[in-house]
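The values are calculated or read from the model by the stated rules, or taken from the named source; none is laboratory data. From a predicted model like this one, the values you see are computed outputs, not experimental measurements. Ideal geometry is used to build each Cβ from the backbone, glycine not excepted, and the neighbour counts take in all protein chains shown.
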Amino acid sequence: MLRLLTHSAPWQLLFLGLRYAVLASAWSLASDCTSNDAVKVNEAMPNAIAMADYATKRAAQDPGRYPRKGNLLQDMLGASDENDANALSLARQWFGAARDAASGNVVIHCSDSYLSTIDADTGVYRDNTRPGTFGTPRVQIPRSNDGGWTSNACGGHLRAFAYSFEGGKVIVLCSDSDSGALRAPKWNSLDSFRTGGAFLAENLSAIGINIFQQFLSYMILHELMHVADDRQFPGKLPDGGGELYSYEYITGHAVGATGAGGPSANDRQHNADSYALLACGWYCPRVGYVNGRGRQIKEADRPPLDLR
């Protein structure tokens, strides 16, 4: 078994908007995380939990007080409009599940080097550090057909992945390439960008909502969706394809464009990245999204940074 590093006391203070709140925390860092990795994750993980918590509450809000501007819910979950009761119910349910999952036995690895290779070509590995009643966990990593994969689990392509073991879950934050979660992000946490500054300027540019893909907290929230329920958020979507990443692939059209078609609502509602981007968008209440491009919301229509 790998030795785990206790990153904090069982209760952790998280800065949520304008006040501090106390949330239960049971996630831990594996011993392959360096001190530099720990600094990043200890900032990003609480932020990912805070985003899931905020999105849970935002989905439950009465739109009469703070309307959900733009069409982000429609784009991400295939909703009929921003007040679609079914889509909001799904958002509330699964954001809450992701938030709560982080208080379970979740171990974060900062390298895939502890995994043994069974078949690198098909992405099959084994975690020999966690023996259980029915043997050691078998880890299946989806492999695309674009080539260039290295023999390790992260394969020189992946940002992160998650899997189950007896009694808990593992999130591996890849660090073997510039695509890896621990090497790629521009920022760890969204908190310092919620109210304007450089984030607002970039969000209103052509990159739009895809700006969030540079944040480690967004990447961790994506994995927390898998941790919450890997049947609701599988590696293979209901219509038979792989997971959808970024606005273009989730909606079927570019940021700023319009277009019918694209992936089905069922696929979007089972796609972890759809929820991760939706939560990021809601977490920054100064901006609403129309076809993935940010637009400033007038102050009277903005929900507070701290929702109860």
Checking residue 171 against (1) of a type in the set (A, V, I, L, M); (2) under 25 Å from residue 289 (Cα atoms); (3) surrounded by 20 or more Cβ atoms within 10 Å (Cβ to Cβ): exactly one of these is not met. Which one? (2)
Taking segment 61-82 on its own, how many of its residues are free of Cβ contacts under 8 Å to residues at least 40 places away in the same chain, farther than 14 Å from residue 265 by Cβ and surrounded by 14 or more Cβ atoms within 10 Å (Cβ to Cβ)? 1
The conditions are (1) surrounded by 17 or more Cβ atoms within 10 Å (Cβ to Cβ); (2) under 18 Å from residue 72 (Cα atoms); (3) without any contact (Cβ under 8 Å) to a residue 40 or more places away in the chain; (4) touching a His at 6+ places or on another chain (Cβ under 7 Å), and residue 259 fails exactly one of them. Which is it? (1)
Does segment 274-292 include one or more residues that are touching a His at 6+ places or on another chain (Cβ under 8 Å) and among the polar types (S, T, N, Q)? yes
Among the numbered criteria (1) of a type outside the set (Val, Ile, Thr); (2) within 30 Å of residue 136 (Cα to Cα); (3) surrounded by fewer than 16 Cβ atoms within 10 Å (Cβ to Cβ), which one does residue 186 miss? (2)
From the list 248, 202, exactly one residue is among the acidic types (Asp, Glu), more than 23 Å from residue 140 (Cα to Cα), surrounded by fewer than 21 Cβ atoms within 10 Å (Cβ to Cβ) and modelled with pLDDT of 95 or more. Which is it? 248
Got a number for residues in segment 93-126 being over 18 Å from residue 32 (Cβ atoms), surrounded by 13 or more Cβ atoms within 10 Å (Cβ to Cβ) and in contact (Cβ under 8 Å) with a residue 12 or more places away in the chain? 15
With the condition kept exactly as written, say whether any residue in segment 211-230 is closer than 24 Å to residue 161 by Cα, in a loop (DSSP other than H, G, I, E, B) and either touching an Asp or Glu at 6+ places or on another chain (Cβ under 6 Å) or not small (Gly, Ala, Ser) (or both). yes
Those residues of segment 262-275 which are part of a helix (DSSP H, G or I) and surrounded by fewer than 20 Cβ atoms within 10 Å (Cβ to Cβ) amount to 265, 266, 267
Exactly one of these conditions fails for residue 129: (1) touching a residue at least 40 places away in the same chain (Cβ under 8 Å); (2) under 23 Å from residue 215 (Cβ atoms). Give me its number. (2)
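Please go through segment 276-304 and give me each residue that is in a loop (DSSP other than H, G, I, E, B) and within 19 Å of the chain's Cα centre (by Cα), ordered by number. It would help to see each step written out before you state the result.
Within segment 276-304, the subset in a loop (DSSP other than H, G, I, E, B) is 284-286, 291-292, 297-298, 302-304.
Of everything in segment 276-304, those that are in a loop (DSSP other than H, G, I, E, B) and within 19 Å of the chain's Cα centre (by Cα) turn out to be 284, 285, 292.
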Subset of segment 181-194 (residues that are farther than 16 Å from residue 29 by Cβ, modelled with pLDDT of 85 or more and under 14 Å from the mean Cα position of the chain (by Cα)): 189, 190
Contact list, first residue from segment 227-240 and acidic (Asp, Glu), second anywhere and surrounded by 13 or more Cβ atoms within 10 Å (Cβ to Cβ) and part of a loop (DSSP other than H, G, I, E, B), beta-carbon distance below 7 Å, six or more apart or interchain, is 239/264
The lone condition residue 170 fails out of (1) in a loop (DSSP other than H, G, I, E, B); (2) under 13 Å from residue 220 (Cα atoms); (3) out of contact with any helix residue (DSSP H, G or I) (no Cβ under 7 Å at 6 or more places or on another chain); (4) touching a residue at least 60 places away in the same chain (Cβ under 8 Å) is (1)
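Report yes if residue 146 is of a type outside the set (Val, Ile, Thr), over 15 Å from residue 276 (Cα atoms), part of a loop (DSSP other than H, G, I, E, B) and modelled with pLDDT of 95 or more, otherwise no. Explain how you work it out, then say what you get.
Working: of a type outside the set (Val, Ile, Thr): yes; over 15 Å from residue 276 (Cα atoms): yes; part of a loop (DSSP other than H, G, I, E, B): yes; modelled with pLDDT of 95 or more: no.
No.
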